[in-house]
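The structure appears below as structure tokens.
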Amino acid sequence: MLIIRNAADMAASLTSHLGAELKGILRQHRDNLAEYGDFDFGELAFFVIVDSDDTAASVSNALGFDPTKNGGENAEVGPGEFAPLWETLTHHATWTEIVFILGEDGFGCVLLIPKTSGVDPSLAALCRA
């Protein structure tokens, strides 16, 4: 698992061994966050990039919450329906990108899960929700 918490982490990630598609996703977020120049990168968002051997528990630990939890407990959904906690879920060719807004101030987290075999089944199911 790779966690990006600040501008230095992002810069290092963009010059690392990460694949072209993932770097493109990260660059887009970096550029979008740059529009908020009055704020430090770490005040706006953090990124969790999952490896195929990471467990759902380790991802939950990194995020500080369980992304597979049903948010419908406090939402207007019917019995047995799933209400995701995320704001957006985007499918890319080899990655699933899930954005969570964690605070009233807009602070967020971007969770990136690879579309590969070996991904924890509950994380894979989350990508299909």
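Brief remarks on what is shown
- Pick from region 40-54, criterion touching a strand residue (DSSP E or B) at 6+ places or on another chain (Cβ under 7 Å) and aromatic (Phe, Trp, Tyr), ranking: farthest from Gly118 (Cα to Cα): Phe46
- The combined condition, being in a loop (DSSP other than H, G, I, E, B), modelled with pLDDT under 90, out of contact with any Ser or Thr (no Cβ under 6 Å at 6 or more places or on another chain) and surrounded by 12 or more Cβ atoms within 10 Å (Cβ to Cβ), is not fulfilled by Gly72.
- Test: residue in region 12-25 that is surrounded by 11 or more Cβ atoms within 10 Å (Cβ to Cβ), at pLDDT 95 or above and among the basic types (Lys, Arg): yes
Rundown of residues vs (1) part of a strand (DSSP E or B); (2) touching an Asp or Glu at 6+ places or on another chain (Cβ under 9 Å); (3) closer than 25 Å to Ala20 by Cβ, yes/no style:
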residue: Thr90; (1), (2), (3): yes, yes, yes
residue: Ala93; (1), (2), (3): no, yes, yes
residue: Thr96; (1), (2), (3): yes, no, yes
residue: Val99; (1), (2), (3): yes, yes, yes
residue: Glu104; (1), (2), (3): no, no, no
residue: Leu111; (1), (2), (3): yes, yes, yes
residue: Cys127; (1), (2), (3): no, no, yes
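- Scanning region 33-69 for residues that are free of Cβ contacts under 8 Å to residues at least 24 places away in the same chain, surrounded by 12 or more Cβ atoms within 10 Å (Cβ to Cβ) and acidic (Asp, Glu) turns up just one, Asp66.
- Within region 8-25, the set of residues being hydrophobic (A, V, I, L, M, F, W, C) and either touching a Lys or Arg at 6+ places or on another chain (Cβ under 8 Å) or touching a residue at least 40 places away in the same chain (Cβ under 8 Å) (or both) comprises Met10, Leu14, Leu22, Ile25.
- Test: residue in region 51-61 that is in a loop (DSSP other than H, G, I, E, B) and touching a Phe, Trp or Tyr at 6+ places or on another chain (Cβ under 7 Å): no
- Filter result for Arg30 (among the charged types (D, E, K, R), within 25 Å of Asp105 (Cα to Cα), surrounded by 12 or more Cβ atoms within 10 Å (Cβ to Cβ) and touching a Leu at 6+ places or on another chain (Cβ under 9 Å)): yes
The values are calculated or read from the model by the stated rules, or taken from the named source; none is laboratory data. Treat the numbers as computed from the prediction; the structure is a model and nothing was measured. All Cβ positions, glycine included, derive from the backbone under ideal geometry; neighbour counts span all protein chains shown.
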